[in-house]
Amino acid sequence: MARMQRLLANLFEGWFQLRRRFPAALLDEITAAIAAGEHTHQGEVCVAIESRLDPFAVLGGLDAAARAHQAFSQLRVWDTEHNSGVLLYVLLAEHRIEIVADRGIVARVAPGEWEAICSRMRDSYARKQWREGSLAGIAATHALLLKHFPGNDKADPDELPDRPVFL
């Protein structure tokens, strides 16, 4: 997306759609899905949803990938015992989904696997299937974490909030 298109999208799209696309009932479902999945593995999943970027930041070169990395740091997704945090970042204005994984996971999961999850979510969102896309992305993330960071016999602490964060 060219910078001018991105600027216009961040000026005029996204900001009024956040609560309509992600109502309280859906946030509750996402929270429950994250909590249930985290009981099966040692990973931590965090969902961050942003309506739009600051137009001046866009002019300065900030894109969705860089913003996702900022959010990863800001939300302290990197600060987990097993270095197994994953951020699913949604930028509504630009129709972008980014997944940022901690170093413990990056070493084990191929980038194409994350891109497949993003693509599946994007396709669902394009069809206005916000619930289905979100829950499918979370389920696929849990499946990867279960494969690479299976649970153990002791209770694993919940290190990150399960409820999606609006940025």
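The numbers here are math on the coordinates, done by the rules we state, and not lab data. These figures come from a predicted structure and were not determined experimentally. Cβ coordinates were reconstructed from backbone atoms using ideal geometry, including for glycine residues, and neighbour counts include every protein chain displayed.
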Unit charges at the beta carbon, dipole of the chain: most positive-side option, Val90, Val47, Gln5: Gln5
Compute a Gaussian network model of the chain, connecting alpha carbons closer than 10 Å, and tell me which residue from Arg127, Arg96, Arg52 fluctuates the most. Arg127
Among Val47, Val109, Val77, which comes first, second and so on when ranked by fewest other beta-carbon atoms within 10 Å? Val109, Val77, Val47
About its Cα centre, what dipole magnitude does the chain give when the only charges are +1 on Lys and Arg Cβ and -1 on Asp and Glu Cβ, stated in debye to the nearest 20? 700 debye
Reciprocal mean inverse distance between Cα atoms of segment 25-164 - Kirkwood radius, Å: 15.2 Å
The residues Trp130, Trp78, sorted from fewest to most surrounding Cβ atoms within 10 Å, come out as Trp78, Trp130
Could you work out how far apart the two model spin labels at Arg76 and Phe16 are, taking each label as a point 7 Å from the Cα in the direction of the beta carbon, and quote it in nm? 3.7 nm
Which FRET efficiency, nearest 0.05, do Ala24 and Asp123 yield, Cβ-Cβ r, R0 22 Å? 0.30
Using a 7 Å offset from the Cα along the Cα-to-Cβ direction at both Ala35 and Arg3, what is the distance between the two label points in nm, to one decimal? 4.5 nm
From the phi angles alone, apply the Karplus equation (6.51, -1.76, 1.60; θ = phi - 60°) to segment 60-65 and give each ³J(HN,Hα) in whole Hz, x where the residue is Gly or Pro. x, x, 5, 10, 4, 5
Residue by residue, what Karplus-based ³J(HN,Hα) values in Hz, rounded to whole numbers, does segment 114-124 have, using 6.51, -1.76 and 1.60 with θ = phi - 60° and x for Gly and Pro? 5, 5, 4, 5, 4, 4, 4, 5, 4, 4, 5
Return Thr141, Thr80 ranked ascending by Cβ neighbour count within 10 Å, so the fewest neighbours appear first. Thr80, Thr141
For Val165, residues with placed amide H under 5 Å, excluding near neighbours: Val47, Ala48, Ile49
Could you list which residues have their amide H under 5 Å from that of Arg96, counting only those 5 or more apart in sequence or on another chain, with H placed in the peptide plane? Leu91
